[in-house]
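Only the coordinates and a few stated rules stand behind these numbers; no lab work does. Computed from a prediction, not measured in an experiment: that's the story for all the values here. Backbone-built Cβ (ideal geometry, glycine too); neighbour counts: all protein chains shown.
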Amino acid sequence: MLRIVIACIFCFGICICNAQDFYIRSPKQKKNTFAKSFVQLLNNAPTLFKNITEKPSTGKDSVFTDYTSYYNKIKLKGAVLGRIIIDSVPIAAYYYGSYTNMEIAEGVYVNLSNQIAESLGGNVLFKSVEGNDNTPWLRQTKIAFTQNSGFFLFNIFVELYKQKTDIDSTLTVILKVKGGKPPFYYKLAHNEPISSFMFASALKAQMRTFQRGKFTNECLGEIPPFICKGAYKTKDTSMILYTKEGCKDYPDAKKEFEVALTNIRVSLSDYYVYFLPQIKNNIREVVFLKFDDIEKPNPKTLNLVLKEKSKSNYILELQFVYK
């Protein structure tokens, strides 16, 4: 089973970050060399570690033999070695030794996770996953950097491996940091005033139907003041569309969008989060999905969209997207 834990360990107040920037201030504790180095490593993730990647590694000094690897300028206290691994995206990987005793290996695994949480001032979200026959690792802890308003997608991974051979039962601890800027997800706040109990009640009912059912050509049901326009299916997308028209200018449309957004946030449970996608042809767009679905390739989503049809005609859309 998945275990989700918010860690609040030694809150130093060292982290500054907003929804657009992924940046962490260096800890003030001079003696905590791991924390300073780890924060420096994380701040190099958005640039794919270009500033800390050195020459290619050679010989048999690396445990990452299945990938092209480069020496890493940043050393982490306790790590035997660190490399930049070239995969679909670059990964900063650190080897924390091999062990024949499970208790000792688990101690290193847990201590490393706690060190990371302390380095980030306790502003972390843990998600623990037990391995199976389809995973190379025995156990994995995913770690995300958090803010008051939400969190960046998991990009830190502490992994415990066990050699799957009859003659070798060695346990290995590996730390990985994924390159690139992780997307930001907002948490739902339920202290906002709701302006339409009718909308909230209808949306809750239709969201249950939406999550449990498969795509059909039928509307989910009434969601006033939105009107169902029917089901739409393209090569890449299947959705049921609801619209609200009648906004004559942008200030009016923006106000209606904010009201709908607030009502949706209040209506959905803590199991949901939302993010702001890159805008293409729409003026504004917010996408809601279940927390447990954020790492799925094609999760079901509820999209609130504001579109401009003409200078005096704006439209709000509720899109129940199945894929």
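Quick look at the values:
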| read-out | value |
| --- | --- |
| Cα-based equivalent ellipsoid of region 188-321: semi-axis lengths in Å, sorted from largest, via gyration tensor | 21, 18, 15 |
| Neighbour count of at most 16 Cβ within 10 Å plus DSSP loop: longest GluC sites (Glu not before Pro)-free window in the chain | 1-217 |
| Helix-only CD estimate at 222 nm, as mean residue ellipticity for the chain, using -39500 (n - 2.57) per DSSP H run (n ≥ 4) | -6500 deg cm²/dmol |
| Residue-wise HN-Hα coupling along region 73-85, computed from phi with Karplus coefficients 6.51, -1.76, 1.60 (Hz; x: Gly, Pro) | 5, 8, 9, 10, 4, x, 7, 6, 7, x, 9, 9, 9 |
| Listed candidates (1) 27, 48, 24, 1; (2) 28, 58, 14, 0; (3) 28, 52, 19, 1 - label of the one calculated as P(r) over Cα pairs in 20 Å bins from 0, in percent | (1) |
| Trypsin sites (Lys or Arg not before Pro) restricted to DSSP loop in region 92-190 with at most 11 other C-beta within 10 Å | K164 |
| Nearest-20 debye value, the chain charge dipole, Cβ charges on Lys, Arg, Asp, Glu | 620 debye |
| Of A105, N155, W137, farthest towards positive along the dipole that unit charges on Lys, Arg, Asp, Glu beta carbons give region 94-198 | N155 |
| Cut-off 9 Å between beta-carbons: net charge of the residues surrounding L138, Lys and Arg +1, Asp and Glu -1 | 0 |
| Fraction of the pair-distance distribution of region 194-249 above 18 Å, Cα-Cα pairs, percent | 40 percent |
| Pairwise FRET efficiency - K323 versus N114, Cβ, R0 = 35 Å, nearest 0.05 | 0.35 |
| Among Q206, Q163, Q115: highest mean-square fluctuation, GNM of the chain, C-alpha pairs under 10 Å | Q163 |
| Reachable lysines, given that their alpha-carbon falls under 20 Å from the alpha-carbon of K235 and they are not under 8 places away in the same chain | K214, K280, K296, K300, K323 |
| Built amide H within the under 5 Å cut-off of G121, gap 5+ | F12 |
| Loop trypsin sites (Lys or Arg not before Pro), region 197-258, which have at most 16 other Cβ atoms in a 10 Å radius of their Cβ (DSSP) | K214, K235, K248 |
| Low-density loop cleavage sites - trypsin sites (Lys or Arg not before Pro) in region 26-69, where at most 14 other Cβ are within 10 Å (DSSP) | K28, K30, K31, K50, K60 |
| Where only alpha carbons of region 68-118 are counted, the Rg and the Dmax (Å) | 12.6, 34 |
| Computed magnitude of the charge dipole of region 207-323 (debye, nearest 20; Cβ of K, R +1, Cβ of D, E -1) | 280 debye |
| Cα convex hull of region 37-104, projected area averaged across orientations, nm² | 5.4 nm² |
| Dipole of region 188-321, positive direction: furthest Cα of Q278, T209, G230, with charges on the beta-carbon | G230 |
| Sum of side-chain charges, A92 neighbourhood, beta-carbon under 10 Å (Lys, Arg +1; Asp, Glu -1) | +3 |
